1. Write down the accessible area per residue of the chain in Å², having rolled a 1.4 Å probe over the full set of protein chains.
2. Taking the alpha-carbon distance from LYS351 and a cut-off under 12 Å, which aspartates and glutamates remain once sequence neighbours fewer than 8 residues away in the same chain are dropped?
3. Compute from the Cα atoms of segment 153-301 the Rg and the Dmax, the latter being the longest Cα-Cα distance, and quote both in angstrom.
4. Can you find, among MET223, HIS200, PHE376, the residue sitting farthest towards the positive end of the charge dipole of the chain, where Lys and Arg contribute +1 and Asp and Glu -1 at Cβ?
5. Once whole DSSP H runs in the chain are found, which of them have Cα atoms spread over 27 Å or more along the helix axis and a mean Kyte-Doolittle score of at least -0.5?
6. Across 5 Å bins from the origin, how do the percents of Cα pairs in segment 255-400 run, short distances first?
7. Restricting attention to segment 152-260, which trypsin sites (Lys or Arg not before Pro) occupy a DSSP loop and are surrounded by at most 16 other Cβ atoms within 10 Å?
8. Work out how much length THR16 to LYS168 would gain on full extension: take 0.36 nm times their residue separation and subtract the Cα-Cα distance, in nm to one decimal.
Amino acid sequence: MKITKIAPSHRTEKITYAVRDVVILAQQVARQGKEMTWLNIGDPNIFDFKTSPEIIEAVHRAMLDNYNGYAPSSGVEEARRAIREEAERKRIKSIQDIFITTGASEAIDICMTALLNRGDNVLVPTPGYPLYGAIINKLTAEPRPYYLDEENGWQPDVGDIASRIDEKTRAIVVINPNNPTGSIHSREILASIIDLAREHNLVIFSDEIYDNLTLNGEKIVSMASLSEEAAVITLGGLSKNYLAPGFRIGWGVVSGREEVLGDYLNGVNKLLRARLSASHPVQWAIKTALQGEKSLLIETREKLIRRRDITVRMLNAIPGISCVKPQGAFYAFPRLHIKNPDSVFVSELIKETGVVVVPGSGFGQRPGTRHFRVVFLAPEPVLVKAYEKIGNFLKAYIDR
Ligand SMILES: Cc1ncc(COP(=O)(O)O)c(C=O)c1O
């Protein structure tokens, strides 16, 4: 019988996700028996970080109490209330809606889907988290890069943002602290972005999923705290701050003027209802996480500060690498002063050393520059060994 292939939709054509794409090569290398060091994925539970027993017990209890049916589409009331209180502690005003989703990822997908038509564009930080581009492409809209300035600690370049807005621009994404650079954005820059968004009637996606993982002793400024009028979706979740990415629980807090947001929120809520709900019992972890014991968070930050410091010190000591010090999250985005594309460098690095990092091209970067992203969640001896291997490899690579 003649075989007729089933073609994937055109909307999948531009979808890439570099963080997992490098794994295919790395697995081939691993099968040849090489010792691997996985510094590619932002999952704390692969390393020496564990979800707190308190929040696991909250889920266990909820399951035994038979909260195993569907939840309300926007989420369990008690959990939404805890998210509201947390948002108010972050000084977010004029909250219009709160919904709980399957990771922040689903909130991003739903909120973009309810907003974008074919040909619209969204300004996305570059470098930035690749899911935004993937979803915007899926919706046949255009992810339009704006650059973070490496010379200025990876702060957004507000002039660059302003120059890219046109009549088809619908939203602007801000990731703070940023993945992959670890940068934290200043109040002044955030305020300027809000001014631009208000002037052009844009929705701001303020991705604050790493907001408690600041490594400079300061709290981040939540964008929505800077304006009662701006339309802001503040994204958060349990994956990073609470070391539970496998729970798949995130949320969106929508703030701004009701008259401006009302119709859009109807669209968002239609989509929320159509997919029924996020996992019901796991939502019972939210209140315990947000209102519970904070010692694990303090311990996590202390470990990350030590690992960040080793990362910056050792990478900056390697000729051919310069690394801006990350101020939050658990990523660094060192620059490679080499001629080859970073994807070639990373493939060779994986094959020769077993150290798995992600090429900068997977997050976007200024044309002509080369970087890689490293996750510094691994214990100190693992990081030290990996950076020694990168140093030795690069020395031979540059000499080649
Ligand atoms: C900036 C950013 N936003 C969102 C996500 C996805 O989070 P979740 O696990 O809640 O879907 C990630 C995950 O790495 C991230 O780095």
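1. Accessible surface, normalised per residue, equals 45 Å².
2. Filter leaves GLU35.
3. Using the Cα atoms of segment 153-301, the pair Rg, Dmax is 16.6, 48 Å.
4. Of the candidates, PHE376 comes out farthest on the positive side.
5. 295-316, 380-399
6. 2, 8, 14, 15, 12, 9, 9, 10, 10, 7, 4, 1, 0
7. For trypsin sites (Lys or Arg not before Pro) across segment 152-260 that sit outside H, G, I, E and B with at most 16 neighbouring Cβ atoms in 10 Å, the list reads LYS168, LYS219, ARG257.
8. Using 0.36 nm per residue and subtracting the Cα-Cα distance, I get 52.3 nm.
The values are calculated or read from the model by the stated rules, or taken from the named source; none is laboratory data. Predicted, not measured: the structure shown is a model, and the values here were computed from it. So basically every Cβ, Gly included, is an ideal-geometry build from the backbone, and we count neighbours across all protein chains shown. Surface areas here come from the heavy atoms of the whole protein model, side chains and all, with no ligands, DNA or RNA. Shrake-Rupley method; radii C 1.70, N 1.55, O 1.52, S 1.80 Å.
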